[in-house]
Amino acid sequence: MLKKSSLVLWGAALFIAWHGLLLLFLWSRPPSPAADGTRLTAEVIRLAQDAETELERQKELLRQIHRYSQLWGRRRRAPKLSPPPPPPLTAAADTVLPVLVLACDRSTVRRCLDKLLRYRPSAQRFPVIVSQDCGHAETAAVIASYGDAVAHIRQPDLSDIPVPAEHRKFQGYYKIARHYRWALGQVFRTFRYRAAIVVEDDLEIAPDFFEYFQAAFPLLLADRSLWCVSAWNDNGKEQMVDVGQADLLYRTDFFPGLGWLLLAELWDELEPKWPRAFWDDWMRQPEQRRDRSCVRPEVSRTMTFGRKGVSHGQFFDQYLKFIKLNDRFVPFTQLDLSYLKKEEYERSFLPKVYAAPEVKVEELQGNRRRELGTVRLQYSGRDSFKAFAKALGLMDDLKSGVPRAGYRGIVSFVYRGRRVYLAPPSDWTGYDPSWS
């Protein structure tokens, strides 16, 4: 109210001052002869007109002051509404996500490291740690050539591992499990990182690899029904994915690996019982998975170029070398990924699957019933799943009863240009580990 009064007084003072100056001007003029009477009269008329114009301006000013003062009064009387709070600053915004590269005796690790260093947006946010096993001098020299761009750590125990006689040919798998345990221990125990992205030395990454993990990390923190984020689609051959939907992500019950993100809490859980060999299949067992899922992409963000290894090229020639590596940058950090949270995902994904019309495998292979668009192929047991998977070019192996890339038994893929869901009946009750 005080502000309103002062503004009104200011306007009145301006009005009085103007007219005071006008009177002073008239009084201070010297007397003029009669000949100048006409000129004086004209001057007074002009001044009077100017004064009238200025008076109208002052009236308008006073009206505006009055109008605004009423608005200010109403605002003061209205209940105050708090501004919306800023979005919460989570730990995810500043968390450092190191990339742990597991290396051994592949000097081609350079191909992996070149892409990691080329595409990473920040050396501070995504430090690269290369953990080397095997003591291979040529590979060590390649890693050392990167200088301070990467941290080079060496697994100290290079000894052979006592294994059962029937596992003698699997010595390499035992050494890999030992190396993983040591390297992850360094990341989470020695360096004390909050989370880590794990890759192996025979992986090449996509341009949006870091963008993908940066966007999915908060989801991993928020939804404890998730236990990893993977860059890999096991059925990601070029003809079996929709490259036009490179932003599409899924939940999967199958642990994919091959470029994956885990939290320190998961390592706290796994480290005490870490297996002596075959660590990835061990991760797929119900005792470790505990009904949790991973996030995986429609189009893979990694591809493997390592045909030679302890697996002797198993699956490489038939599947892995055909995996489509995404080549289009998707700004995942600008997208809403909340649809991947368990409750929301099941509300949208499951009805979409079971609303798709059911077809027979022969109709798919014959490219018939194209007018149906997205379709569903239903399997009833292990044998029918494997038969359909082989017929359509999917990976047909099951781990603890879980199909590769599957969620609640459903595998989504593209066949001859249309979306297909290979799915169990809608009353599915869970995985049967005996299917492995």
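Structural remarks
- Residues of the stretch 384-427 with amide N under 13 Å of a point placed 7 Å along Cα→Cβ from Q285: 400
- Note on A141 and T190: the extension gain reaches 15.2 nm, defined as 0.36 nm multiplied by sequence separation minus the Cα-Cα distance.
- Accessible area of the stretch 247-330 divided out per residue, in Å², using a probe of 1.4 angstrom: 41
- Computed from the C-beta positions of Q239 and R111 and an R0 of 22 Å, the FRET efficiency is 0.30 to the nearest 0.05.
- The residues of the stretch 353-423 expose, per residue, 39 Å² of accessible area to a 1.4 Å probe.
- Dipole moment magnitude, nearest 20 debye, the stretch 89-324 about Cα centre, only Lys, Arg, Asp, Glu C-beta charged: 280
- Protein accessible area in the stretch 353-423, 1.4 Å probe - carbon and sulfur %: 43
- A rounded overall shape is assigned to the stretch 89-324, the ratio a/c of its alpha-carbon gyration tensor axes (a ≥ b ≥ c) being less than 1.5.
The values are calculated or read from the model by the stated rules, or taken from the named source; none is laboratory data. Source: prediction; values computed, not measured. Backbone-built Cβ (ideal geometry, glycine too); neighbour counts: all protein chains shown. The area values use the complete protein model at the heavy-atom level, side chains included, leaving out ligands, DNA and RNA. Shrake-Rupley method; radii C 1.70, N 1.55, O 1.52, S 1.80 Å.
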